[in-house]
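Encoded as structure tokens, the structure appears first; notes follow it.
The values are calculated or read from the model by the stated rules, or taken from the named source; none is laboratory data. All figures in this text were calculated on a predicted structure; none of them were measured in a lab. Every residue, glycine as well, gets a Cβ built from its backbone with ideal geometry; the counts of neighbours run over all protein chains shown.
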Amino acid sequence: MDTISILGWLLLIVVLVFLLSTGFRKVHQTQRGLIERFGKYKKYAEPGLHWIIPVIYMMRKVNITEMMVNAEPQVIITKDKLNAQVDAQVYFKVKLDEESVKASQYNVFDYKYQIVNLARTTLRNIIGTLTLNEANSDRNRINKELMETLRIETKNWGIEVVRTELKEIDPPKDVQETMNKVVKAENEKQAAIDFATAAETQADGLRRAAIKNAEGIRQATILEAEGQAQAIVKVAEADAKKIEMINIAIQKFFKNEAQMYKKLETVQASLEKNTKFVIDPNTEITNVIAESMAGVVPIVTKSKEEKQ
């Protein structure tokens, strides 16, 4: 074997070793690959080990994880002619399907750079229609409008806008100092209102407690007076019943006395005229006469047998 043949075989072996060693491509789980042949898309590469012919084929690796870009601080003139420094962040990722990965490489030159500039432009358009106070108090609205605009504009880029965050809206230093004073004054005013409200509430509570206490005393006094009145009525009723019983007893007594007096008058009249009466010893008039007149005794009639 001559020298030329040996050199040829050595060159062939070197070429084969070069092709075998440089032709392997590894695609990670967080990546997707686009294989091109002479600059033209050939096939889609999933995660794993792939072998391509060097020089003829080339692989583009695309990161599919969520990424964040900073829109960088910029000065924006608000609706009320104030210069506000605004900064925002955009979170996005390349979609997993083949068409989206291809679009991220073939439909846009540099999606990271372009999405930053698109976010800055969108922020200027949104905040330019708001006053500084509106922009500070309505950040959710700004984030929502920014995300919706980015999603519409990047629809053909093969990426998905996950969320947007408005980091800061800083007014000029002198305006910030004035706003701080206003906020401080508002806080002091609110504190004074809260203190006055608390004092009023406390006074109202004390007043209600005093009213309830007075009402309780009044009710107790009324109940006590009613009890005393009822007791007086009961006593009066009892006294009235006693008086009535006494009156009845007096009337009965005087009635009896009057009857007895009448009987005595009749006896006296009869005695004055020397009238003789036969009185039953069992009658009440006998006792009366016996008590009121001495020497007068009842006349007892004799039976026929005693006369004989």
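In the condition set (1) modelled with pLDDT of 95 or more; (2) surrounded by fewer than 17 Cβ atoms within 10 Å (Cβ to Cβ), ILE193 is compliant with all but (1).
Let's see how each residue does on (1) within 30 Å of GLU46 (Cβ to Cβ); (2) surrounded by fewer than 12 Cβ atoms within 10 Å (Cβ to Cβ):
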{"site": "SER100", "(1), (2)": "yes, no"}
{"site": "TYR106", "(1), (2)": "yes, no"}
{"site": "ASP110", "(1), (2)": "yes, yes"}
{"site": "GLN114", "(1), (2)": "yes, no"}
{"site": "ILE127", "(1), (2)": "no, no"}
{"site": "LEU130", "(1), (2)": "no, no"}
{"site": "GLU134", "(1), (2)": "no, no"}
{"site": "ASP138", "(1), (2)": "no, no"}
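The listed residues are THR149, THR197, THR178, THR221, and the only one of them that is part of a helix (DSSP H, G or I) and closer than 30 Å to VAL94 by Cβ turns out to be THR149. Only residues that are more than 19 Å from GLY158 (Cβ to Cβ) and surrounded by 15 or more Cβ atoms within 10 Å (Cβ to Cβ) were counted across region 55-73, and they come to 3.
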